[in-house]
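Have a look at the structure below before the remarks.
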Amino acid sequence: MGRLAVVAQALRHARALAERERWPIERREARKRERLTDLVRHAAGHSAYYREALAGYDPAVGAGSLPELSKATMMERASTRSCATSACAATRCCATSSSCGTTTSIWAPTGP
């Protein structure tokens with residue numbers, strides 16, 4: 001994608017964000033719940049761990065019905081990460097260390 005196309009895309013995105021800022025609070029909250037529900041549905045549909053962990057998710061309650069996911073749990077489950085969608089396939093694993101010196105795997109998008 002050329003620079004001009006990137007700038008045009010950024011401007012369209014900025015206009016869309018500015019429009020959403022003027023939405024009534026109820027519409028913004030509904031949009032957040034909708035996006036969270038889509039994310040939970042994707043995770044549960046592509047990961048046995050999340051299918052089980054997110055079984056109690058209630059879209060009406062929203063984030064309050066999600067289980068706590070600790071760093072320790074994420075580290076334990078990193079080796080079982082599995083997702084067959086093209087969005088997930090376009091990721092790579094990077095290792096990092098935290099302030100306590102514990103190595104953590106982070107899945108990041110590939111490409112530019």
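Just a few scattered comments:
- Checked against the criteria, Cys88 counts as modelled with pLDDT under 60, assigned to a helix (DSSP H, G or I) and surrounded by 12 or more Cβ atoms within 10 Å (Cβ to Cβ).
- Taken over the stretch 40-57, residues that are under 12 Å from the mean Cα position of the chain (by Cα) and either modelled with pLDDT of 90 or more or of a type in the set (Ser, Thr, Tyr) (or both) amount to 3.
- Summed over the stretch 24-51, the residues that are of a type in the set (Asp, Glu) and surrounded by 12 or more Cβ atoms within 10 Å (Cβ to Cβ) give a count of 1.
- Residues of the stretch 1-23 satisfying the condition of being assigned to a helix (DSSP H, G or I) and hydrophobic (A, V, I, L, M, F, W, C): Leu4, Ala5, Val6, Val7, Ala8, Ala10, Leu11, Ala14, Ala16, Leu17, Ala18
The values are calculated or read from the model by the stated rules, or taken from the named source; none is laboratory data. On a predicted model such as this, the values are computed, not experimentally measured, just so you know. Heads up, the Cβs are rebuilt from the backbone with ideal geometry, glycines too, and the neighbour counts pull from every protein chain shown.
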